[in-house]
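Notes follow the structure.
Rule-based calculations on the coordinates, nothing more; no lab input. Predicted, not measured: the structure shown is a model, and the values here were computed from it. Reconstructed Cβ throughout: ideal geometry from the backbone, glycine too, with neighbour counts over all protein chains shown.
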Amino acid sequence: MSKLAYKGVVKGRTVVLEKVADLPDGAEVLVTPLEAERGSPQAILAAMDAPPHVKPGDVDELMRLIEKGKRPIRYGSPLTPKRRP
């Protein structure tokens with residue numbers, strides 16, 4: 001197997017190479033996807049498709065627990081003592 005490597009992107013069902021490849025028509029190639037950069041749109045989409053998949057009921061339960069755990073907003077500074085009447 002040849003050690004040449006070509007870089008490109010997938011568009012539809014076709015791999016479009018960045019530079020012209022010296023390959024004859026009909027040549028067999030092996031395409032290996034590169035790791036997406038962390039936080040990139042590709043990485044986020046891949047993470048959304050990867051297991052474990054979350055059930056809608058689990059999301060509802062999480063949202064309920066978040067609401068239950070909320071505390072009221074305190075506008076006073078915790079660093080200044082309260083005045084006594």
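Overview of values
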read-out: Residue in the stretch 47-63 that is surrounded by fewer than 10 Cβ atoms within 10 Å (Cβ to Cβ), touching a helix residue (DSSP H, G or I) at 6+ places or on another chain (Cβ under 7 Å) and in a loop (DSSP other than H, G, I, E, B) present; value: no
read-out: Every residue from the stretch 8-30 that is assigned to a loop (DSSP other than H, G, I, E, B), within 32 Å of the chain's Cα centre (by Cα) and exposed (fewer than 10 other Cβ atoms within 10 Å of the Cβ); value: Gly12, Arg13, Glu18, Lys19, Val20, Glu28, Leu30
read-out: Residue count, the stretch 48-77 (criterion: more than 21 Å from the chain's Cα centre (by Cα), aliphatic (A, V, I, L, M) and within 30 Å of Arg38 (Cα to Cα)); value: 3
read-out: First in the stretch 21-49 and free of Cβ contacts under 8 Å to residues at least 40 places away in the same chain, second anywhere and surrounded by fewer than 10 Cβ atoms within 10 Å (Cβ to Cβ) and not small (Gly, Ala, Ser), Cβ under 7 Å, 6 or more apart; value: Ala43/Glu37
